[in-house]
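See structure below.
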Amino acid sequence: MAYLEPLMRRNFLEYASYVVVDRAIPALRDGCKPVQRRILHTIWTMDDGKFMKVANIIGETMKLHPHGDASIGDALVVLANKGRCPDDADLGYFIERQGNFGNILTGDNAAAPRYIECRLTALAKETLFNPALTEMVPSYDGRKEEPEALPSKLPTILLLGTEGIAVGMATSILPHNLGELLKGQIAILKGEKFRLHPDFPQGGIMDASEYDDGKGKVRVRAKIENDGEKKVIIREIPPGTTVESLIESIEEAIQKGKVKISEISDRTGSEVEIVLVLTRGVYADEVIPQLFAYTQCETSINSNIVVIRDDKPVELKASEMLRACTERLQALTKAELEHELAKLIGKQHNLTLERIFIENRVYKKIEEQKTAEGVRNAVIKGMDPFKSQFIRELTDEDVTRLLEIPIKRISAFDIEQNRKDIGAIEAEIKQIKAKLKDLVGTCIAWLEGILAKYGPKFPRRTKVKGFESVDKKAVANANLRIGYDSSTGFIGTAVKSGDRELKISEYDKIIAIMQDGMYRIMGPTEKTVLEGKLIHLDRFDEEAGLTITVVYRDKDREPWGKVTTISSFIKDREYELIKDRAGKIDYFAVGTGGVATLHFAPAKGQRVHEQVVDLGALEPCGVTTRGTKLADKPVQKVVVTRPAAGPPKA
């Protein structure tokens, strides 16, 4: 036992460290777990623009990854399903799929690796790879080399999201939207404030009130729509669920009597569509809150960010990670520009030496030399007078390159073309130096280019919305009652018994129109009085307004008609349809149209006793105008023989 204890202690610590650093926890630098990094590197080395069998990719990746084909295949399928493009169902962030890669909505598994194919996306090629900036290390058996970290310019770790369980620790990083991450990086570079919210490929509606910069949790609800009073349709599901598991949770709630649903129909294809038919006596407004309460239509997802930084696990906030990724973007951009600058300077140096060597016939000096050493010395001595024109010092490699120029090329040398080539290189060098001088501006321009090119392909799918405010409004819709008592004229929520009642929310407005032409638009009130006889009481649509047809008699009993639309108003203020309320409304209807018969008051020698008026022919007028005079005689009564049409359609 004395020998076994230190052995176990040492081996367990090595195993724990290996699992933490090399398997379960992603690296902050490129956002990848080792298996993801090896898969992406392998696909890139194999890439020829065509789709490749996943089985072949797995086989090549096994040369770098020691944990077998199953782990590689599973990781590749998960990676391929990261990112959903509405316009191309097979396009992910980094891998384009061909064949059955499973379905994150239904939970269906992928087909066997020999039947499916994939390749890198344009986004992956443009942002993840650069051989000149990639530090390689030996693979597990020393036969191959693999990247220590990919030179990723994107905040991959926040883009993809990941989960991992190691020894004594776990990580749960929620995925984010590509466009929002890029905008966040631009804000960081500009010194502006930014805010990040998770975005899940399944969609749904998210409440992030308990989510604090990568810590805490989010609650996500399914997107549920009413299809009439007796049917609801689930269009999007929360992350961590599938169509199958969600239906199972609904069936369990039905069995327990918590939800009353008579039929479940799964019509899911490329998008979720679960149709729920309600039982008799149950309505959609009642069932939807029950679905959130008792089924997987609402889930909570915890966020706990643990990443590997400098070969050690650390806990970070989402904003800290994005800042670290932005710093890495600047470092990679600087290294990339410096590498390109060095290449251009080298090319400029070579073209300059070539021009001097040919233009000044330095090659003639080697014709009399007998030895290789003499030839090289002749070149060095012949180039020495033009030292001031060199871009850098002449080296042995430069001499070798000059001696390898063929005679045919010397004889066909175009000095003007050489100068044009050098001028073009000098212009490129100037541009790169300007970019290096304004590194922040260069990074912002690059981010804006990537955002414009790829951002629209991956729009936000999860809507951010607080649940509590929505729930309160729903309760208000069910409970707020406005009553009107004609005997007293009181109206409000405190009027318990009356002739009429309305059910409204605290956000609604109601309109009351009296027979003397006075009308008032008000919000829910506890108790107020309306003077006179009420002829219309209803909910008022502030956006559409209310179009009405009115026939009234003025103080001389002469008839008037008007068609008007009530739209603008000040709450609780009294308005007049009849000037000074000097009259009485004989006919009122919502909408336009109708035929009215005017019965004239008896008079001596009167031959015409009635007149028919087409109310549909009335011209619309303002609320405060008198309207159209229908007759020049006093009218005893007005009879509408055909009711007015309903409200005009939008």
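The distance linking the stretch 372-442 with the stretch 288-334 is 50 Å (Cα centroid to Cα centroid, whole angstrom).
Shown for the stretch 496-590: the carbon plus sulfur share of the solvent-accessible area, taken with all protein chains present and a 1.4 angstrom probe, equals 39%. The stretch 339-380 has equivalent-ellipsoid semi-axes of 27, 12, 5 Å, by the square roots of 5 times the alpha carbon gyration tensor eigenvalues, sorted largest first. Placing pseudo-labels 7 Å out from each Cα toward the beta carbon at R235 and R539 gives an inter-label distance of 2.0 nm.
Taking only protein heavy atoms and a 1.4 Å probe, the accessible area of the stretch 291-391 is 45% carbon and sulfur.
Rank E543, E225 by accessible area, highest first, at a 1.4 Å probe radius?
Ranking E543, E225 by accessible area, largest first, yields E543, E225.
Among the GluC sites (Glu not before Pro) within the stretch 340-411, those in coil by DSSP and having at most 11 neighbouring Cβ atoms inside 10 Å are E367, E368, E393, E404. Using just its DSSP H runs of length 4 or more, each adding -39500 (n - 2.57), the chain gives a mean residue ellipticity at 222 nm of -10500 deg cm²/dmol after division by all residues.
The accessible area of D499, taken with all protein chains in place and a 1.4 Å probe, comes to roughly 100 Å².
What value does the stretch 101-145 have for Rg/Rh, both radii from Cα atoms and Rh as Kirkwood defines it?
Ratio of gyration radius to Kirkwood radius: 1.15.
With both partners inside the stretch 513-650, how many of the DSSP beta bridges are antiparallel, as a percent to the nearest 5? Expressed as a percentage, antiparallel bridges in the stretch 513-650 total about 95.
Taking only Cα atoms of the chain, what ratio of Rg to Rh do you get with Rh as the Kirkwood inverse-distance radius? We get a ratio of 1.21 for the chain.
Panel note: the C-alpha atoms of the stretch 425-465, placed on their principal axes, show extents of 52, 17, 7 Å (largest first).
The reciprocal of the average 1/r between distinct C-alpha atoms defines the Kirkwood hydrodynamic radius, which for the stretch 21-142 equals 14.9 Å. The angle between the Cα long axis of helix 34-46 and the longest principal axis of the Cα atoms of the chain comes to about 70 degrees, rounded to the nearest 10. Measuring nothing but alpha carbons in the stretch 510-650 and taking Rh as the Kirkwood radius, the Rg to Rh ratio lands at 0.99. For the chain, the antiparallel share of DSSP beta bridges with both residues in that region comes to about 95%. Across the stretch 179-228, Cα-Cα pairs farther apart than 14 Å form 62% of the total.
Could you work out the pair-distance distribution P(r) of the stretch 421-571 from its alpha-carbon pairs, with 10 angstrom bin width and percents rounded to whole numbers? For the stretch 421-571, the binned pair fractions read 8, 23, 19, 11, 9, 9, 9, 7, 4, 1 percent. Give the distance, in whole Å, between the Cα centre of the stretch 194-260 and the Cα centre of the stretch 58-122. When both Cα centres are located, 26 Å separates them. For the stretch 170-307, the alpha-carbon coordinates run over 59, 30, 25 Å along the three principal axes, in decreasing order. In the chain, the longest principal axis of the Cα atoms and the axis of helix 372-383 are about 60 degrees apart.
Taking loop as defined by DSSP and a crowding limit of 10 other beta carbons within 10 Å, which trypsin sites (Lys or Arg not before Pro) in the stretch 360-412 fit?
In loop regions of the stretch 360-412 (DSSP not H, G, I, E or B), the sparsely surrounded trypsin sites (Lys or Arg not before Pro) are R361, K370.
The count of lysine pairs in the stretch 179-316 whose Cα atoms are under 28 Å apart, excluding pairs fewer than 8 places apart on the same chain, comes to 21.
Translational D (Stokes-Einstein, µm²/s) of the stretch 396-458 at 37 °C and 0.692 mPa s when Rh comes from the Kirkwood sum over C-alpha pairs?
Here the translational diffusion coefficient equals 209 µm²/s.
Sorted from greatest to least, the principal axis extents spanned by the alpha carbons of the stretch 339-490 come out as 129, 28, 28 Å. Measuring how big the stretch 119-176 is from its alpha-carbon positions, Rg and Dmax come out at 14.5, 38 Å.
A compact globular protein would have a Cα radius of gyration near 2.2 N^0.38 Å; the ratio found for the stretch 507-565 is 1.27. Rounded to the nearest 20 debye, the dipole size of the stretch 90-157 about its Cα centre is 120 debye, using +1 on the Cβ of Lys and Arg and -1 on the Cβ of Asp and Glu. Can you work out the base-10 log of I(q)/I(0) for the stretch 251-316 at q = 0.14, 0.21 1/Å, using the Debye formula on its C-alpha atoms alone? Normalising to I(0) and taking log10 leaves -0.57, -0.92.
Taking loop as defined by DSSP and a crowding limit of 14 other beta carbons within 10 Å, which trypsin sites (Lys or Arg not before Pro) in the stretch 180-266 fit? Qualifying residues, ordered by number: K193, R195, K256, K258. Compared with the alpha-carbon gap, the fully stretched path from T528 to R557 is longer by 7.3 nm at 0.36 nm per residue.
So what is the accessible area of the stretch 503-574 per residue, in Å², with the probe set to 1.4 Å?
47 Å²
In plain terms, the chain is cut at each of the chymotrypsin sites (Phe, Trp or Tyr not before Pro) found in a DSSP loop with at most 12 other Cβ atoms within 10 Å, and the longest leftover piece is 4-506.
Accessible area per residue for the stretch 127-206 is 40 Å², calculated with a 1.4 Å probe on protein heavy atoms, without ligands, DNA or RNA.
The simple Förster model, with R0 at 25 Å and r as the Cβ-Cβ distance, assigns E248 and Y507 a FRET efficiency of 0.10. Over all Cα atoms in the stretch 254-406, the spread is summed up by Rg and Dmax: 37.5, 111 Å. How fast does the stretch 77-188 diffuse by Stokes-Einstein, in µm²/s, taking the Kirkwood radius from C-alpha pairs at 25 °C and 0.890 mPa s? Here the translational diffusion coefficient equals 150 µm²/s.
For K433, the aspartates and glutamates whose Cα falls under 17 Å of its own Cα, not counting residues fewer than eight places away in the same chain, are E336, E338, E340. Report D for the stretch 577-647 in µm² per second (integer): Stokes-Einstein, Kirkwood Rh on Cα pairs, 20 °C, 1.002 mPa s. Translational D for this selection: 159 µm²/s.
The long axis of helix 318-359 is offset from the longest Cα principal axis of the chain by roughly 40 degrees.
The values are calculated or read from the model by the stated rules, or taken from the named source; none is laboratory data. Worth saying up front: this structure is predicted, and the values here are computed from it rather than measured. FYI the Cβ positions are ideal-geometry reconstructions off the backbone, even for glycines, and counts take in every protein chain you see. Accessible surface areas use protein heavy atoms only, side chains included; no ligands, DNA or RNA. Shrake-Rupley method; radii C 1.70, N 1.55, O 1.52, S 1.80 Å.
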